[in-house]
Amino acid sequence: MNERSVTLAAQADLVLLTVEMLRPQWDFPAEGDQAEPYDELLRYALGDAAEISDEAANRPSPRSALAEVVRCANQLSYEDWSDEYWRLFDGAQACPLNQASYIRRDKGTILGDLSGFYHAFGFRGSTVQGERPDHLLCQLEFVAMMLAMASQASDEPSRQTVMQALSGFACDHMHDWLPAACWQMCEATHVEYFAAVSQWIFVLWQTLSDGHQWPSDLLPDNHLTPIVDPDDPYECGAPDLHQIRSH
């Protein structure tokens, strides 16, 4: 396996690790550990970028952001995790994790386009959790699968085909709402762990986007805050706008 393939495979593992952070069965690192269990994975996946922070944007390095997730996880009981998870994502949905909750486009169009991407590359997603196609974790799983597929490509043209499709997916289905979902999670949570996870997701996504040069529009001055219809929590409402704040 050449260096490029190793990098892509490690990035796929890092994205899957991120998915597990928002699932109850995540195996938290041992007490006292910081980012050390993941140093090798970070090095293979991100290289020197793992240590680069953006002070102007108040953005820590990926290694620092991951270390903060691990630190918070070590101080959190499963009961507190579970209660806050339900409040944020399952109950009143203080922070919905579905694209259609943030984007002012027809929900059917979003789901149909996502299904087209998934079908073209044989992606089925997690059936255990029952997540919809526009759920953040489902989309991240697809990104991880595409990175893994690119790492295993038999030749460079095949790799480029996968990476071009992933670039289009990132632009159409991640860039326009992932920052807003991270912002909303940080705003809505009462538990430090979920604020740390929101920061990590944003930092990782920006680092991957920069590294792969995934095209996107400039982030807006405002972030969309979702409004959830209690009769249909996946319907897209007309969100209010709030000024973005640094955390």
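The values are calculated or read from the model by the stated rules, or taken from the named source; none is laboratory data. This one's a predicted model, so the numbers in the text were calculated from it and none came from an experiment. Using ideal geometry, Cβ is built from the backbone for each residue, glycine included, and neighbour counts are taken over all protein chains shown.
Does at least one position in the range 122-137 carry a residue that is modelled with pLDDT of 90 or more, in contact with a His (Cβ under 9 Å, 6 or more places away or on another chain) and surrounded by 15 or more Cβ atoms within 10 Å (Cβ to Cβ)?
So in the range 122-137, the residues modelled with pLDDT of 90 or more come out as 122-123, 133-137.
With in contact with a His (Cβ under 9 Å, 6 or more places away or on another chain) added as a condition, the list becomes 134.
Keeping just the survivors that are surrounded by 15 or more Cβ atoms within 10 Å (Cβ to Cβ) gives 134.
Within the range 122-137 (the criterion being modelled with pLDDT of 90 or more, in contact with a His (Cβ under 9 Å, 6 or more places away or on another chain) and surrounded by 15 or more Cβ atoms within 10 Å (Cβ to Cβ)), the answer is yes, since at least one residue qualifies.
Only one residue in ASP39, ASP13, ASP33 is modelled with pLDDT of 95 or more and among the charged types (D, E, K, R). Which one? Show your work before the answer.
Values: ASP39 fails: modelled with pLDDT of 95 or more; ASP33 fails: modelled with pLDDT of 95 or more.
Within the list ASP39, ASP13, ASP33, the selection yields ASP13.
Which of the residues belonging to the range 49-58 are surrounded by 15 or more Cβ atoms within 10 Å (Cβ to Cβ) and either more than 17 Å from the chain's Cα centre (by Cα) or closer than 13 Å to GLU192 by Cα (or both)?
Let us first name the residues in the range 49-58 that are surrounded by 15 or more Cβ atoms within 10 Å (Cβ to Cβ), namely 49-50, 52-53.
ALA49, ILE52, SER53 - these are the residues of the range 49-58 that are surrounded by 15 or more Cβ atoms within 10 Å (Cβ to Cβ) and either more than 17 Å from the chain's Cα centre (by Cα) or closer than 13 Å to GLU192 by Cα (or both).
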